[in-house]
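Encoded as structure tokens, the structure appears first; notes follow it.
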Amino acid sequence: YAILGPKQMPKKSIVIVFLDGVGLGDADPGANPFMHARMPEMQALLDVPHLTREAAGTVNSRAALLGLDTLLGVPGLPQSATGQTSILTGRNAPEAIGQHYGPYPDRRLRKMLARDNIFKALLQAGQAVAYANAYSSRFLERLSRGKGRLSANTRAAFKAGLKLRSGEDLRRGRAISALLSNDFWPEPDFKLPPLTARQAGRQLANLAKEHSLTFFEFWYSDWLGHKQK
């Protein structure tokens with residue numbers, strides 16, 4: 001990896017941590033698991049007791065909590081592919097195709113992502129961009145053969161030409177597992193050092209220092225949401 005000199009370092013570093021499947025629910029302990037979650041850092045930043053729909057609109061000198069309508073003017077149940085495509089392209093994807101669609105982008109959404117996405121736009125503007133997720137060698141090998149399913153986020157990064165990081169990048173501290181901890185890496189024979197969530201956060205912050213935009217997709221929250229436990 002190239003070592004950036006002072007003149008090459010980005011003036012501003014933005015980190016997007018995409019919590020898949022997470023929204024702002026009502027302040028109902030019987031229905032909203034975030035009413036039971038200890039989130040001291042987030043609560044201290046926002047000065048609110050819980051992340052709920054009622055707290056949306058909170059703004060102070062350090063942070064803002066905004067509530068967005070994921071329907072985007074289209075009736076139906078919001079889905080991952082159209083929602084992520086909207087975030088990444090700045091276009092109203094469900095309106096463009098006439099429906100909410102997911103979880104994986106279809107031909108229409110793949111075309112939108114390939115033509116115009118935030119990663120591609122920044123790279124064309126000469127900015128350094130990193131996709132922080134680490135992928136197993138099996139996944140990367142399938143991708144090289146044109147196989148495998150990609151989320152809209154990963155597809156946008158891939159189509160923009162961003163490096164999809166490997167287990168070796170994770171071992172060197174140059175990526176993060178989608179589950180934060182290294183304990184659940186899908187290749188049991190590939191040895192990785194122990195990694196706490198806080199250490200993973202430091203790795204993400206260090207990566208961000210070298211890039212104008214660093215993107216990390218945490219999909220475990222979506223998986224748990226579908227389990228409804």
>> Tell me yes or no: at least one residue of the range 208-228 is small (Gly, Ala, Ser), in contact with a Ser or Thr (Cβ under 9 Å, 6 or more places away or on another chain) and in a strand (DSSP E or B).
In response: no
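Table: residues versus (1) in a loop (DSSP other than H, G, I, E, B); (2) modelled with pLDDT under 90; (3) open to solvent by 60 Å² or more (accessible area, probe 1.4 Å); (4) over 18 Å from Gly67 (Cβ atoms).
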residue	(1), (2), (3), (4)
Tyr1	yes, yes, yes, yes
Pro10	yes, yes, no, yes
Val15	no, no, yes, yes
Leu24	yes, no, no, no
Pro29	yes, no, yes, yes
>> Can you pull out every residue in the range 46-84 that is touching a helix residue (DSSP H, G or I) at 6+ places or on another chain (Cβ under 8 Å) and open to solvent by 80 Å² or more (accessible area, probe 1.4 Å)?
In response: Pro49, Arg62, Thr70
> Within the group Gly30, Gly57, which residue is at positive phi, small (Gly, Ala, Ser) and over 21 Å from the mean Cα position of the chain (by Cα)?
Replying inline: Gly57
> Which of the residues belonging to the range 61-117 are polar (S, T, N, Q) and under 23 Å from Gly148 (Cα atoms)?
Replying inline: Gln79, Ser80, Thr82, Gln84, Thr85, Ser86, Thr89, Asn117
> Restricting the search to the range 85-120, which residues are within 17 Å of the chain's Cα centre (by Cα) and open to solvent by less than 40 Å² (accessible area, probe 1.4 Å)?
Replying inline: Thr85, Ser86, Leu88, Thr89, Gly102, Pro105, Leu113, Asn117, Phe119
> Which residues, taken from the range 89-120, are basic (Lys, Arg) and more than 23 Å from Ser13 (Cα to Cα)?
Replying inline: Arg91, Arg107, Arg108, Arg110, Lys111, Arg115
>> List the residue pairs whose Cβ atoms are under 7 Å apart, where the first residue sits in the range 67-86 and is at positive phi, the second is part of a helix (DSSP H, G or I) and not charged (D, E, K, R), and the two are 6 or more positions apart or on different chains.
In response: Leu72/Ser86; Leu72/Pro94
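The values are calculated or read from the model by the stated rules, or taken from the named source; none is laboratory data. All values reported here derive from a predicted model rather than from experimental measurement. With ideal geometry, Cβ positions are generated from the backbone for all residues, glycine too; neighbour counts draw on all protein chains shown. Side chains are part of the model used for accessible areas, which takes the heavy atoms of the whole protein and leaves out ligands, DNA and RNA. Shrake-Rupley method; radii C 1.70, N 1.55, O 1.52, S 1.80 Å.
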